[in-house]
Structure formats: structure tokens, C-alpha cells
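What follows is one structure encoded as C-alpha cells, with my remarks underneath.
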């Protein structure tokens, strides 16, 4: 069996992270173009665009694919309802540069990594239920 490359369109700046949801039926991509795109993996078509309004270097999705979290570089973590595309929460981080956001395996917590103005790195853990 030969694997065929898949060409997806959606971003006009370089893609910085690509990930499947837990079930593998959705694919998410983020970019410096201030968006996260969502694709249906069966048809390989884009089915959603999340407007981050900031460069997005990292994102994660809850196990039930209900929420998508995006690390907006200068404005912190943005949480979106995957089904509607609505932003349900925006959490600033203490530093000016948010680098990463990741859900815990249980989806109870998420962690974000960020830097301060002196380029010192920090992490902060949030209770997910208290943020939405």
C-alpha cells in the first residue's frame, strides 16, 4: 500500500502545529496568520476557522472535542467551543509571550508556558472547569 500526500489549504502564513483530536476524526492546524483551522479527516475538507486575532503557536483540544484551547502569543489563552466556533474564555498570562497550552489527560486541568520581559520561562496550571 502506498501512502499518498494530502494537500490542505487554509493558512497564508507557515503552519506551526498540527494535531488530531482524540478520536482522530478532526485535524487542527495553527499558524502565525492568527487562525486555527479545523478539518474533517474523512473528507479532508476545512470545516471551521477560529479567529485567534494573534499569532498562534500552539493549541490543544479536550478529549470530547468540545473545546479547543489556543496559545495566543501576546494575549494569553483563548478557549473556543468547537461546535459553534464561539470564544468562551480568554485568559491573559502574566508575561508578554504565551508559548504553549496543553490539556491534562483527564481534561481537568490545563497548563500554559509563557515568558516574561526578561525571557524567563514560567508555567501556570489552571482548573479547566473554573475558566469556562
| task | Please work out which one of (1) farther than 30 Å from residue 119 by Cβ; (2) touching a residue at least 24 places away in the same chain (Cβ under 8 Å) is the condition residue 86 fails and give its number. | result | (2)
| request: Residue by residue through the stretch 74-84, note down the ones that are part of a loop (DSSP other than H, G, I, E, B) and in contact with a strand residue (DSSP E or B) (Cβ under 6 Å, 6 or more places away or on another chain). | output: 82
| task | Go through the residues of the stretch 32-44 one by one and say whether even a single one is loosely packed, with under 14 Cβ neighbours inside 10 Å, in a strand (DSSP E or B) and in contact with a strand residue (DSSP E or B) (Cβ under 7 Å, 6 or more places away or on another chain). | result | yes
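For the stretch 57-68, indicate whether the set of residues that are at pLDDT below 95, touching a strand residue (DSSP E or B) at 6+ places or on another chain (Cβ under 9 Å) and within 25 Å of residue 13 (Cα to Cα) is non-empty.
The answer is yes, given that some residue of the stretch 57-68 is at pLDDT below 95, touching a strand residue (DSSP E or B) at 6+ places or on another chain (Cβ under 9 Å) and within 25 Å of residue 13 (Cα to Cα).
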| request: Determine whether residue 86 is within 24 Å of residue 32 (Cβ to Cβ) and under 13 Å from the mean Cα position of the chain (by Cα). | output: no
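Select, from 93, 73, the only residue that is closer than 15 Å to residue 131 by Cα, more than 9 Å from the chain's Cα centre (by Cα), surrounded by 18 or more Cβ atoms within 10 Å (Cβ to Cβ) and at pLDDT below 95.
Result of the check over 93, 73: 93.
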| Residue list for the stretch 50-70, filter: free of Cβ contacts under 8 Å to residues at least 40 places away in the same chain, crowded, with 17+ Cβ neighbours inside 10 Å and not in a loop (DSSP other than H, G, I, E, B) | 50
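The values are calculated or read from the model by the stated rules, or taken from the named source; none is laboratory data. Note that the coordinates shown come from a computational prediction; the quantities given were computed from them, not determined experimentally. Cβ coordinates were reconstructed from backbone atoms using ideal geometry, including for glycine residues, and neighbour counts include every protein chain displayed.
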